[in-house]
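Working notes, beginning with the structure itself.
The values are calculated or read from the model by the stated rules, or taken from the named source; none is laboratory data. On a predicted model such as this, the values are computed, not experimentally measured, just so you know. Positions of Cβ are generated from backbone atoms using ideal geometry, with glycine treated the same way; all protein chains shown enter the neighbour counts.
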Amino acid sequence: MLQTAPNIYLVLSPELYILTASNLYLEATETTRETIVGKHIFEAFPENPELPDASGVKNINASLQEVLRTGKPHKMRIQRYDVPDIHHPGKFITRYWDPSHTPVFDDNGALSYIIQLANNVTEQVLADKVRQKLEISERHFRLLADLVPAKISNARPNGEVTYFNQRWLDYAHLSFEELRDFGYYQMMHPDEIPVFTERLAAAAKEKKPIEMEMRFKNAAGDYRWHLNIASPVLDDNGEITMWVGSTTEIQRLKEDDQRKSDFIGMVSHELKTPLTSLTAILQVVETKLRKSDDTFVTGALEKANQQTKRMSQLINGFLNISRLESGKIAIERRSFLIGGLIREVIEEVSLAGTTHIFELQSCGKTVVQADQPKISSVLSNLLSNAVKYSPKGSRIWVSCEAFEGELRVSIADEGIGIRPEDREKIFERFYRVKSNSHISGFGIGLYLSAEIVEHHGGRIWVESETGKGSVFYFTLPLNKSAARNQ
Ligand code: ADP
């Protein structure tokens, strides 16, 4: 027998004892000729006891018995038949085979031996199993993705979309191929494409998800608001393998929001009219009583004036919110000295009756080109908050610095501070820190301030330590003409 034949074969006696094996057989079963030759096949290759439903021995035996009975070759289906692990006695190695048994007869027609041919097909079988598992999990994912009310998509890192769920196809009234070729970006509102593209590029760099409210066109050509979340999926090396998009329609929420904001605008507008008359009446009375000796009346009048002014500020805040939301906020720039404005606002806040000590670090002669009344309201908000959220008599530092084409204003207090989890949220509309609910406010000051600063191309943020105080910063870009005056 040719032991070096390029086949995996085993030669058995009619009693199923091993006569010899090819080198490749020994290799595939990880045995040596000495340990198996002379042994009964099932003594040399016992069943893996760790596999309770193993059927290798039973099946091979059935095939061999058939060959013995019929004298004809028999080919088996792929079998799992583990082999003993020589490096770990008692352990077995997973193996799949495609065995066949062929009888060989002598000149007298008596059975001389049986040749078992077998290929080690373990790798293909295991790869098939993984593929099947993947297919099942993919089917599962698609079913889930079609059941959720959101529009789901998958894209390669280069942006090529590989999957849209049924909701996307229904929304666009297109097939997968049509929608893919038509392009995800074609459906986006042109106003939102630049910001989305920019934010997606930043997210790809940081390997973080992004969330953005944006409009997508439906089949009728109407743009409807959606909350679009794109999350990167990372491989073991932390590289992006794909993006998963989840896009949920929020048109009704947006419309409700718009109605609420219109309502706030309308109410504020209606409240303003009687308040303006009241302010005018108070001014007339003040002029008439200017020379009065009745200190109670003059004092009360001053207080009434302060209160109407405060009320007017609050109403203006709400009016600004509704203007902002309907996109009607316009920035009217003119040049002014920022230091002068800061001094004015500090004076105004002090006049409202506070015992806090303001420390203004010189802002030099820095000139900014900005909307003065709006920057004034930002300063007024930040300074009133510093007063509101810090103990009486404590210090408030205000300073400005100009560098790298930017003016940075900071307002620092020695107050209650802000916990990290609230720091991002305080710039959101109507957000108030729960533990401060006893201090009056509507949670719109910082939101408006942030919008105003951002409309100027600046940034606003806070650094804070709970119990020690907070520092609010905002920046305004300095253009060339403004920088010249520094
Ligand atoms: P309001 O003060 O009317 O509640 P704002 O929008 O001005 O609304 O502020 C939002 C929240 O941020 C406040 O409710 C407060 O909890 C917190 N906050 C703002 N400024 C400060 C500050 N200087 N120190 C501590 N907390 C502050």
Please work out if G415 is touching an Asp or Glu at 6+ places or on another chain (Cβ under 9 Å) and crowded, with 19+ Cβ neighbours inside 10 Å.
no
Taking the criterion of being within 9 Å of the ligand (Cβ to nearest atom), polar (S, T, N, Q), closer than 25 Å to R310 by Cβ and modelled with pLDDT under 95, would at least one residue in segment 437-444 satisfy it?
yes
Looking at S380, is it within 14 Å of the ligand (Cβ to nearest atom) and assigned to a loop (DSSP other than H, G, I, E, B)?
no
Exactly one condition in (1) more than 26 Å from I416 (Cα to Cα); (2) within 33 Å of the chain's Cα centre (by Cα); (3) not in a loop (DSSP other than H, G, I, E, B); (4) not hydroxyl-bearing (S, T, Y) is false for L341; which is it?
(2)
Out of (1) assigned to a helix (DSSP H, G or I); (2) touching a residue at least 40 places away in the same chain (Cβ under 8 Å), what's the single condition that is false for S390?
(1)
Looking at segment 459-474 only, could you name the residues that are surrounded by fewer than 21 Cβ atoms within 10 Å (Cβ to Cβ), part of a strand (DSSP E or B) and either over 28 Å from the mean Cα position of the chain (by Cα) or more than 16 Å from the ligand (Cβ to nearest atom) (or both)?
V471
Residues in segment 396-413 that are within 16 Å of the ligand (Cβ to nearest atom) and without any contact (Cβ under 8 Å) to a residue 40 or more places away in the chain: how many?
2
Scope segment 231-282; condition aliphatic (A, V, I, L, M), touching a residue at least 40 places away in the same chain (Cβ under 8 Å) and not in a helix (DSSP H, G or I); matching residues:
I240, M242, V244
Within segment 397-431, can you find the residues that are out of contact with any helix residue (DSSP H, G or I) (no Cβ under 8 Å at 6 or more places or on another chain) and either part of a loop (DSSP other than H, G, I, E, B) or more than 27 Å from L478 (Cβ to Cβ) (or both)?
E404, E414, G417, R419, P420, E421, D422, E424, K425
Pairs with Cβ under 7 Å, 6+ apart, first in segment 422-447 and within 14 Å of N381 (Cα to Cα), second charged (D, E, K, R):
G441/R432; G443/R432; I444/R429; Y447/E428; Y447/R429
Considering (1) over 30 Å from K129 (Cβ atoms); (2) not in a loop (DSSP other than H, G, I, E, B), say which one K72 fails and leave the rest.
(2)
Quick one: would you say H88 is surrounded by fewer than 15 Cβ atoms within 10 Å (Cβ to Cβ), over 30 Å from H226 (Cα atoms) and under 50 Å from the mean Cα position of the chain (by Cα)?
yes
